[in-house]
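Asker: My questions all concern the structure below.
The values are calculated or read from the model by the stated rules, or taken from the named source; none is laboratory data. Everything numeric here is computed off the predicted structure, so don't read it as measured data. Quick reminder, even Gly has a Cβ in these numbers, built from the backbone with ideal geometry, and neighbours come from all protein chains shown. Areas reflect the complete protein model, heavy atoms only, side chains present, ligands, DNA and RNA absent. Shrake-Rupley method; radii C 1.70, N 1.55, O 1.52, S 1.80 Å.
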There are 2 protein chains.
Amino acid sequence: MLSPIRTATAQPAFGLDAVFGGACPRFVRDEEIFGEGEAADYVYQVVSGAVRTYRILRDGRRQIDEFHFAGDHFGLELSDVHRVTAEAMADTTVRMIRRGALSDLAAQRGDAARAIFRLTAEGLQRSQDHVLMLGRRSACERVAGLLLDIAERTHAKAELDVPMSRQDMADYLGLTIETVSRTLTSLQDEGLIALPTVRHVVLQDRSALERMTA
Amino acid sequence: MLSPIRTATAQPAFGLDAVFGGACPRFVRDEEIFGEGEAADYVYQVVSGAVRTYRILRDGRRQIDEFHFAGDHFGLELSDVHRVTAEAMADTTVRMIRRGALSDLAAQRGDAARAIFRLTAEGLQRSQDHVLMLGRRSACERVAGLLLDIAERTHAKAELDVPMSRQDMADYLGLTIETVSRTLTSLQDEGLIALPTVRHVVLQDRSALERMTA
DNA sequence: CCTCCGGTTTGATCCGGATCAAGGCGTGCG
DNA sequence: CGCACGCCTTGATCCGGATCAAACCGGAGG
């Protein structure tokens, strides 16, 4: 829908990149960028580092909604309030654009509106994949899927840096840290990956991992 | 984001309703509306009945992505191919609009582009809620949440018709039919609901159900 | 260099939900 | 009216992942 073929202008792909402010706010590891329930006055883009967005149930159970890497957008809301909390997973810089400015831009330029649609629809696709993961996949398939996803999104080949703790992985995958840890160990025992350090993974048999992802 | 306050025109809320074709294709129960991988030439709106969209893994595991009731839109894709299969859950009528027509409209009218954004963002919100459900809720919480969701979306008060089979519920909730059935029975035993017939539920203690939903 | 400390791994056991297996029941059809 | 077929419920057992508990690292600070 709204395929790029139909863009009215000649410019290749109007990102929203140009419209983001020049200043790049910095956040240290685990610093909150915005909180659930706060006014959603800005939309964000990760410049460097990584961000997690999550929600917490009354009793403390946490579900990470999404990880955001360099270039990814987050914080775009339908209502005027953030539905999730956003935190830096490492030292991170972001760019921001006022929601109102984005809205005005979309009203003026069809290609901007299309770019916003694209952003939202990409988020929806990712969320749908997440649903499939959580609803119908085993712990092992989930972990393998996450590693491949991180590799792809951070443009890593065989070696990748995992920018999150085991707890973050668990809360994204709907598992516990113990299960994540055991699963990684067993993937290593089977020779599919290597774990030189806790946050560094080598994909030794990518096709086997991809096969698990079904 | 893109809040209704900023609409340029005076008209209250430009739905996409006006732009959908007049003909209402009909589908009988379990009939496919479109299949995963098929060209996404149209966007759909449920007129009457209900629709499920789902994906299937190689080994047959099915995950229902979303249920769509009267008024709901479905089939809007970022790419030109459907990522899910859509089937009528009961005898159903839908309205359709050519994707290209919608795209043209969005390019001309800011309010149309905004309506499309709204549609997509609502789908994203629902998907995020689904993720939270699947990642961090017990079987009992999931079933209670689904009942409340159906009640709300079909505008039912205390009594509601469940338009789907136990298998559909299970495949939406990431459970098995046996667990869904047992959970419903235990909710009934606890006096939270009554089940006069298989597809008819009475919410006897809505606040208790809502409390489970956390 | 040693110690401390938070994050991670590993071990033992438990439990919620899956699986396997029968029954019940409502509905449509002969 | 009765039979049969699908769906649903219920029962028995199993198992994947959770929970509880302890040991193991690896990096920061003294």
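Asker: Identify, by number, the condition in (1) within 16 Å of DNA strand C (Cβ to nearest atom); (2) away from chain A (no Cβ under 14 Å) that B:Lys157 doesn't meet.
Answerer: (1)
Asker: Say we look at the stretch B:194-214 and pick out the residues that are within 26 Å of B:Ser127 (Cβ to Cβ), open to solvent by less than 60 Å² (accessible area, probe 1.4 Å) and away from every other protein chain (no Cβ under 13 Å); which of these is farthest from DNA strand C (Cβ to nearest atom)?
Answerer: B:Leu203
Asker: Just wondering, is there one or more residues in the stretch B:203-211 that are under 24 Å from the mean Cα position of the chain (by Cα) and in a strand (DSSP E or B)?
Answerer: Yes, because at least one residue in the stretch B:203-211 is under 24 Å from the mean Cα position of the chain (by Cα) and in a strand (DSSP E or B).
Asker: Can I ask one more? Can you run down the residue pairs with Cβ atoms below 6 Å, 6 or more apart or on separate chains, where the first is in the stretch B:109-138 and within 16 Å of DNA strand D (Cβ to nearest atom) and at pLDDT 95 or above and the partner is open to solvent by 20 Å² or more (accessible area, probe 1.4 Å) and in a helix (DSSP H, G or I)?
Answerer: B:Met133/B:Arg142
Asker: Next up: Could you please give the count of residues in the stretch B:180-192 that are away from DNA strand C (no atom under 11 Å from the Cβ), closer than 14 Å to B:Glu141 by Cβ and open to solvent by less than 70 Å² (accessible area, probe 1.4 Å)?
Answerer: Looking only at that region, the number is 3.
Asker: In the stretch A:153-174, which residues are under 26 Å from B:Met133 (Cβ atoms) and surrounded by fewer than 14 Cβ atoms within 10 Å (Cβ to Cβ)?
Answerer: A:Gln167
Asker: Would you confirm whether any residue within the stretch B:160-174 is at negative phi, away from DNA strand D (no atom under 16 Å from the Cβ) and within 14 Å of chain A (Cβ to nearest Cβ)?
Answerer: Within the stretch B:160-174, none of the residues are at negative phi, away from DNA strand D (no atom under 16 Å from the Cβ) and within 14 Å of chain A (Cβ to nearest Cβ).
Asker: Would you mind stating whether B:Ile177 is exposed (fewer than 15 other Cβ atoms within 10 Å of the Cβ) and within 12 Å of DNA strand D (Cβ to nearest atom)?
Answerer: yes
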